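As structure tokens, the structure follows; a few thoughts come after it.
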Amino acid sequence: MSATYEGFWNGIAQKYAASPVADPDAFERKIALTKNRIQPTSTVLDAGCGTGSLALRLAATGAQIHGLDYSSEMVEIAREKARAASVTNVRFHEGPFDASLNSFAPGSLDVVCLYSVLHLLKDRLAALRLAHTLLTPGGSLITSTVCLRSSWLPLGAITTVMRWFGKAPHVANISRKTLVNDIHAAGFTSVEVVDVGATSKLVAFVVANKPV
């Protein structure tokens, strides 16, 4: 279930941290929608947290925010950002998403965020089922996922060639319909694809609930 190319992500960590958000208006809308699902008592997991931008933005909204990432370099940058901002209710963990069962009990999370991670996993359905397991009944899944099949360009083939040269990670070639079907198959209900006004139509922002 783990994201691959740890060396790739470690290698770009500093550059990634310094890069501005590609679509800031859409990102702000995603954050607002995510905060709407969080209560002051909520425990939140941001899986695939990168350098911690989302987790730190959610810190003032929930009781405890956890960030998890496969890249040790990304996690170290996230921890430094938390220290610099004197944020004390955000904790960053290093490891693959399936290792989260070592840190969190089933049914112990109120919100699971999977921003920019599902398309990087070879077993997307297993990750969604794990998120379902970790969530408390009535909890929320929030995901922002690249759906390459939504483009008329042969982007799947392009990224495959780039992977051969170590220039890109694994990226699944999926459609929005496939993503939504997978979320339903993992046991979620009220699955909604939300238009956040993104300039790219390749990214699907989806919110869903674990049944009560």
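Please determine whether any residue of region 41-49 is under 17 Å from ASP110 (Cα atoms), modelled with pLDDT of 95 or more and open to solvent by 50 Å² or more (accessible area, probe 1.4 Å). Within region 41-49 (the criterion being under 17 Å from ASP110 (Cα atoms), modelled with pLDDT of 95 or more and open to solvent by 50 Å² or more (accessible area, probe 1.4 Å)), the answer is yes, since at least one residue qualifies. Taking (1) closer than 28 Å to THR136 by Cβ; (2) crowded, with 16+ Cβ neighbours inside 10 Å in turn, ASN102 satisfies each apart from (2).
Each residue in region 171-212 was checked for being outside any loop (DSSP other than H, G, I, E, B) and either of a type outside the set (Phe, Trp, Tyr) or open to solvent by 30 Å² or more (accessible area, probe 1.4 Å) (or both), and 22 pass.
Which residue is farthest from VAL212 (Cα to Cα), if the candidates are limited to region 129-147 and must be β-branched (Val, Ile, Thr) and open to solvent by 10 Å² or more (accessible area, probe 1.4 Å)? The extreme case among them is VAL146.
Pairs meeting the criteria (first residue in region 1-14 and closer than 25 Å to ARG129 by Cα and of a type in the set (D, E, K, R), second residue open to solvent by 40 Å² or more (accessible area, probe 1.4 Å) and modelled with pLDDT of 70 or more, beta carbons under 9 Å, at least 6 apart or on different chains) are GLU6/TYR70. Kindly establish whether LYS15 is charged (D, E, K, R) and modelled with pLDDT under 95. Yes. Only one entry in SER151, SER144, SER100 is hydroxyl-bearing (Ser, Thr, Tyr), under 25 Å from LYS201 (Cβ atoms) and at pLDDT below 95, namely SER151.
Based on what the data block shows, is ASN181 modelled with pLDDT of 95 or more and over 23 Å from ILE65 (Cα atoms)? Against the criterion (modelled with pLDDT of 95 or more and over 23 Å from ILE65 (Cα atoms)), ASN181 qualifies.
The values are calculated or read from the model by the stated rules, or taken from the named source; none is laboratory data. Every value quoted in this text rests on a predicted model; they were computed, and no experiment measured them. Every residue, glycine among them, receives a Cβ derived from its backbone with ideal geometry; neighbour counts consider all protein chains shown. Surface areas here come from the heavy atoms of the whole protein model, side chains and all, with no ligands, DNA or RNA. Shrake-Rupley method; radii C 1.70, N 1.55, O 1.52, S 1.80 Å.
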